[in-house]
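Student: Submitted below is the structure of interest, expressed as structure tokens.
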Amino acid sequence: MSIFAKIIAREIPADIVYEDDVCLAFRDIAPRAPTHILVIPKKPIVGLSDLTVEDEAIMGRCVVAASEVARQQGLDNGYRLVVNCGDDGGQEVPHLHFHLLGGRAMSWPPG
Ligand code: 5GP
């Protein structure tokens, strides 16, 4: 069971800012920006590479939820939504998650 599955199951604590029947959003434990929230599907999908057409609605719901959380958090000047995938993408936790980063200007390209 991944660390995020344990957060979904309330087996370990997290600062949850949004929840619906499909996804959960909580503050990153090691924030890389003034606002750093992780939006995850409740379904235990490992990463982007594992998605199938059956996951279209779930992923759509997560993106809309991220947009709602950004609005709720007052990120009116913009933000970045990032998914790291696999070793080269820098993914550490094997449960698909969107990083919602805001509260400062972001540089490009990412490192
Ligand atoms: P990844 O590198 O997989 O894209 O991102 C994983 C993120 O999960 C990192 O930003 C890391 O700080 C965060 N993270 C890891 N463990 C925990 C935890 O137990 N609680 C919370 N809230 N965030 C975590």
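Every number in this text was worked out from the coordinates using simple rules, so none of it is lab data. Remember, predicted model here, so these are calculated numbers, not experimental data. Please note: Cβ atoms are built from the backbone with ideal geometry, for glycine as well, and neighbour counts cover all protein chains shown.
Student: Identify, from the list Ile8, Ile16, Ile12, the residue that is touching a Lys or Arg at 6+ places or on another chain (Cβ under 6 Å) and either free of Cβ contacts under 8 Å to residues at least 24 places away in the same chain or within 22 Å of Gly103 (Cβ to Cβ) (or both).
Tutor: Answer to the check: Ile12.
Student: Still on this model: Just one of (1) more than 9 Å from the ligand (Cβ to nearest atom); (2) touching a residue at least 40 places away in the same chain (Cβ under 8 Å) trips up Asp55, so point out which.
Tutor: (2) is the only condition that Asp55 fails.
Student: Could you check how many residues of segment 82-94 are farther than 21 Å from Val64 by Cα and within 9 Å of the ligand (Cβ to nearest atom)?
Tutor: Of segment 82-94, the ones farther than 21 Å from Val64 by Cα are 86-94.
This time we only want the ones that are within 9 Å of the ligand (Cβ to nearest atom), so: 89-94.
Residues that pass the stated criteria total 6.
Student: Next up: Considering segment 95-109 alone, what residues qualify as being farther than 17 Å from Ala30 by Cα and either small (Gly, Ala, Ser) or near the ligand (Cβ under 8 Å from one of its atoms) (or both)?
Tutor: Residues satisfying the conditions are Ala105, Ser107.
Student: State all residues of segment 1-24 that are more than 14 Å from Val64 (Cα to Cα) and assigned to a loop (DSSP other than H, G, I, E, B); if no residue qualifies, say none. Before the answer, list the steps.
Tutor: Initial filter on segment 1-24 (more than 14 Å from Val64 (Cα to Cα)): 1-17.
Those that are more than 14 Å from Val64 (Cα to Cα) and assigned to a loop (DSSP other than H, G, I, E, B): Met1, Ser2, Ala9, Arg10, Glu11, Ile12, Pro13, Ala14, Asp15.
Student: Residue under question is Val46, and the condition is that it be touching a His at 6+ places or on another chain (Cβ under 9 Å) and either surrounded by 13 or more Cβ atoms within 10 Å (Cβ to Cβ) or in a loop (DSSP other than H, G, I, E, B) (or both); does it hold? Give the steps one after another, and end with the answer.
Tutor: Details: touching a His at 6+ places or on another chain (Cβ under 9 Å): yes; either surrounded by 13 or more Cβ atoms within 10 Å (Cβ to Cβ) or in a loop (DSSP other than H, G, I, E, B) (or both): yes.
Answer is yes for this residue.
Student: When the residues of segment 70-79 are narrowed to those that are surrounded by 15 or more Cβ atoms within 10 Å (Cβ to Cβ) and outside any loop (DSSP other than H, G, I, E, B), which ends up nearest to the ligand (Cβ to nearest atom)?
Tutor: Among those that are surrounded by 15 or more Cβ atoms within 10 Å (Cβ to Cβ) and outside any loop (DSSP other than H, G, I, E, B), it is Tyr79.
Student: Select from segment 6-49 the residues that are away from the ligand (no atom under 11 Å from the Cβ) and small (Gly, Ala, Ser) and write down the one among them that is nearest to Met59 (Cα to Cα).
Tutor: Top of the filtered list is Ser49.
Student: Name the residue that is surrounded by the fewest Cβ atoms within 10 Å (Cβ to Cβ), counting only residues in segment 19-43 that are of a type in the set (D, E, K, R) and in contact (Cβ under 8 Å) with a residue 12 or more places away in the chain.
Tutor: The qualifying residue surrounded by the fewest Cβ atoms within 10 Å (Cβ to Cβ) is Asp21.
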